[in-house]
């Protein structure tokens with residue numbers, strides 16, 4: 001019936017389509033609103049015991065990065081692929097050897113849009129999207145994470161990237177690890 005009306009009076013068909021689309025959107029909104037009024041609904045912290053236990057995320061979740069500084073060759077491919085220019089790599093040429101050593105690998109999470117475009121071009125697979133979804137901070141300075149100053153077990157290992165480790169890494173004067181030819185500093 002709507003197609004017959006559209007052929008004879010196209011403006012009337014557009015009005016009917018608009019009204020039905022708006023009515024459908026309002027129905028979806030009303031249905032979701034009624035679900036929130038149920039008495040058996042639990043709060044987020046009651047369901048997941050957050051922050052004591054991590055929140056379950058899907059397998060392909062794109063959270064805060066995981067970075068392996070020991071395999072990074074400072075090729076700048078991830079920084080070049082980043083559409084918002086939030087990756088900053090500091091590097092120095094190694095004397096008497098081929099290549100560079102990483103002196104700084106900083107990601108500005110106030111600019112990062114978690115698109116994972118930095119992961120694909122890496123030739124040595126040293127950067128991945130992690131499963132951590134929370135890196136709370138009180139200032140914009142807390143959104144700058146320098147992975148070269150983080151301990152390796154936090155930046156890459158089983159420990160999660162947390163605000164405490166990031167804050168402590170800002171107080172370190174020298175990078176924790178400077179590249180494949182340099183041992184870990186204490």
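Tabulated data for the structure shown
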read-out	value
Filter result for residue 178 (part of a loop (DSSP other than H, G, I, E, B), at pLDDT below 80 and over 18 Å from residue 66 (Cβ atoms))	yes
Which numbered condition residue 104 fails, given (1) on the phi > 0 side of the Ramachandran plot; (2) part of a strand (DSSP E or B)	(1)
Residue under evaluation residue 9, criteria (1) farther than 29 Å from residue 135 by Cβ; (2) surrounded by fewer than 10 Cβ atoms within 10 Å (Cβ to Cβ); (3) at pLDDT below 80, criterion not met	(2)
Any chance residue 54 is surrounded by 14 or more Cβ atoms within 10 Å (Cβ to Cβ) and in a loop (DSSP other than H, G, I, E, B)	yes
Some residue of the range 35-52 being within 23 Å of residue 153 (Cα to Cα), touching a helix residue (DSSP H, G or I) at 6+ places or on another chain (Cβ under 9 Å) and touching a residue at least 12 places away in the same chain (Cβ under 8 Å)	yes
Unique residue being surrounded by 17 or more Cβ atoms within 10 Å (Cβ to Cβ), out of contact with any strand residue (DSSP E or B) (no Cβ under 7 Å at 6 or more places or on another chain), at pLDDT 85 or above and in a loop (DSSP other than H, G, I, E, B) when the list is 122, 72	122
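The values are calculated or read from the model by the stated rules, or taken from the named source; none is laboratory data. These numbers come from a predicted model, not from an experiment. Cβ: placed from backbone, ideal geometry, glycine included. Neighbour counts: every protein chain shown.
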